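Coordinate-derived values only; no laboratory data. Computed from a predicted structure; not experimentally measured. Don't worry about glycine lacking a Cβ; one is built from the backbone with ideal geometry, like all the others, and counts go over all protein chains shown.
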Amino acid sequence: MYFEKNNNKKNHKIPFSITLATILLVASVAISISVITKDAFAADPITNCFIANAIGNPSYFQAEQNFINLLPKDKLFTKLSAQVGNGPIQNNAELYALLTNPNINHQNKDSNRGDMEFEIANLLAAAGFAQLQQNGINECIGFTD
């Protein structure tokens, strides 16, 4: 007598493989988009430092805005910017350009760097960043090791 084996179990291998492939594809696209978006919209390395040290609360972003608002009024950076023929610093991109400008550092390179480091630390504190955030941003900018 011939008995046909009745297998009521469904084969889940194919739907599982499709689901897994879909999840991996979506994850890789999401990661790619976030990397591309970060690089495409980051204006300068200093802004990247703020992004890298961001904490998802409104006070952090307010402190970042306070920092930017303090830049045009800063006497040291305004003086150094005038030495290279520019006006007051208006944003992080201009600050980065000033920090990396070779014409600023031709005299008293170490003194100017120390003054700029000290001034950025003061601005970060005045803007309302917590000490841990100040340390992270300063380290990212390259002032602390």
Quick note, region 44-141: a/c under 1.5 would make it rounded; otherwise a/b > b/c is prolate and the rest oblate (a ≥ b ≥ c, C-alpha gyration tensor); here it is prolate
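Run the numbers for ILE18 and PHE61: contour at 0.36 nm per residue of separation, minus the present Cα-Cα distance, in nm.
Working: separation 43, 0.36 × 43 = 15.48 nm, distance 4.12 nm.
Gain in length upon complete extension: 11.4 nm.
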Most exposed to least, judged by fewest other Cβ atoms within 10 Å, PHE129, PHE67 sort to PHE67, PHE129
Phi angles of region 88-96, converted by Karplus (6.51 cos²θ - 1.76 cosθ + 1.60, θ = phi - 60°) into ³J(HN,Hα) in whole Hz with x for Gly and Pro, give x, 5, 10, 7, 5, 5, 5, 5, 4
So ALA126 and ASN86, fully extended at 0.36 nm per residue minus their Cα-Cα distance, gain in nm 12.0 nm
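With r defined as the distance between the Cβ atoms of ASN101 and GLU139 and R0 fixed at 22 Å, what FRET efficiency is calculated, to the nearest 0.05?
Numbers: r = 22 Å, r/R0 = 0.99.
Result of the calculation: an efficiency of 0.50.
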Each label sits 7 Å from Cα toward the beta-carbon; between LEU76 and ARG113 the label points are separated, in nm, by 1.4
